[in-house]
Amino acid sequence: MNDQPSNWVRAEPGVPVFRNVNWGGLRTLYIKEVRRFFKVQLQTIWAPAITTLLYLVIFTVALGRSGRMVTLEGSAFHFADFLAPGLIMMGMLNNAFANSSFSLLVGKIQGNIVDYLMPPLSTGELLAALVGAAMTRAVLVGAAVFAAMQLWPGVHVMPVHLGAVLWFGLLGSAMLAFFGVLTSIWAEKFDHAAAVTNFVVTPLSLLSGTFYTIESLAPAFRAVSHANPFFYVISGFRYGFLGVADSPVLLGGGVLLAINLVLWALCYALLRTGWKLKS
C-alpha cells in the first residue's frame, strides 16, 4: 500500500476547496443552461422573434395606416416607432420567464433535480447561473427582433439613451427570470407553470402599455397600470429609444431595482431551504 497522499487530493478533509466563488462550476452550469435552449434555437429564439414581428405587422397594418401618430408627453411619433420598443421588451420578458421557469421544473419531473442540488455550488451560484442563462436567452431574442426591425419598412428604432436601454432591458429580464425560478420551485407539473404564464405573465405583459399610452386611459385604469411592474419596464425601455416615457424614468428604474432585490432574496431563501426541491 502506498501511504503517500494522492495527487487528486487538493485539501485536507473538512477544509473547503472553493473558498470564495466557484467560478468553474458557475460557468459550467451557465453554459449547460445556455446549450439546453440553444439546441432548440428555432423554438426558443427564432420562433418568439417571429411571433413578436407578427404583432408588429398586424398592428401597423390594422392601426398604423394613413400615417397614424401617437402623442407621448407632448411629442408625436409614428405608431410603428412607438410600438417597436415595447414589442422588443415584451419578447425579452416572456422568454426570460419561459427559460427559468423550465430549468428546475423539468429536473423535478424527470427526477434528476439532484444534478442541480449536489454539485459544489452555493445557493447564490446556482441562482446566478439560472438567471444568467434566462437573461441570455432574453437578450438574444431581443437582438433578433431588433435586427429584423431594421429591415422592416416604416420602422425607425434606434437607441437614443443606451444606458436606459441596458438598465431596463437587463433588469426587466432579470425580474422575469427570478419570477420564473420561483415558478419552477413552486410548480409540480407543467400545467402549473403554464397557468402562471397564461394567467399572470401574459396579461401583465399585454396590459403594460406596449400597444397604447396610458394617457389615453381613464383615471381608474391608469392607476391600475401604475401598479403593474411590467409597465415600468416597458416605459423605461421605450424611453431609451424615443427619449420620452409614460412615467418618471428614475422612479421606474428604482421600482425595478427594488423588485429585483425582493425577488432575489425570496429565490435565495427558497433555494437555500430546499422547499419543494428536497425530500
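For the range 229-264, filtering for residues that are more than 17 Å from the chain's Cα centre (by Cα) and either outside any helix (DSSP H, G or I) or surrounded by fewer than 17 Cβ atoms within 10 Å (Cβ to Cβ) (or both) leaves 9. Checked against (1) on the phi > 0 side of the Ramachandran plot; (2) modelled with pLDDT of 90 or more, residue 67 meets all criteria but (2).
Rundown of residues vs (1) touching a His at 6+ places or on another chain (Cβ under 9 Å); (2) basic (Lys, Arg); (3) outside any helix (DSSP H, G or I), yes/no style:
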| residue | (1), (2), (3) |
| --- | --- |
| 121 | no, no, yes |
| 143 | no, no, no |
| 155 | yes, no, yes |
| 164 | no, no, no |
| 173 | no, no, no |
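Only residues that are of a type in the set (S, T, N, Q) and at pLDDT 85 or above: list them for the range 43-64, please. Hits for the range 43-64 are 43, 44, 51, 52. Any residue at all in the range 258-272 that's among the hydroxyl-bearing types (Ser, Thr, Tyr) and touching a residue at least 24 places away in the same chain (Cβ under 8 Å)? Yes: one or more hits. Of all the numbered requirements in (1) of a type outside the set (S, T, N, Q); (2) closer than 25 Å to residue 208 by Cβ; (3) crowded, with 18+ Cβ neighbours inside 10 Å; (4) modelled with pLDDT under 95, residue 93 misses one, and that requirement is (4).
Just for the range 207-228: of the residues that are in contact with a helix residue (DSSP H, G or I) (Cβ under 7 Å, 6 or more places away or on another chain) and not in a loop (DSSP other than H, G, I, E, B), which one is farthest from residue 55 (Cα to Cα)? The selected residue is 222. Within the set 213, 202, 273, the sole residue that is at pLDDT below 95 and either under 17 Å from the mean Cα position of the chain (by Cα) or crowded, with 21+ Cβ neighbours inside 10 Å (or both) turns out to be 202.
The values are calculated or read from the model by the stated rules, or taken from the named source; none is laboratory data. Keep in mind the model is a prediction, meaning the values are calculated, not measured. Please note: Cβ atoms are built from the backbone with ideal geometry, for glycine as well, and neighbour counts cover all protein chains shown.
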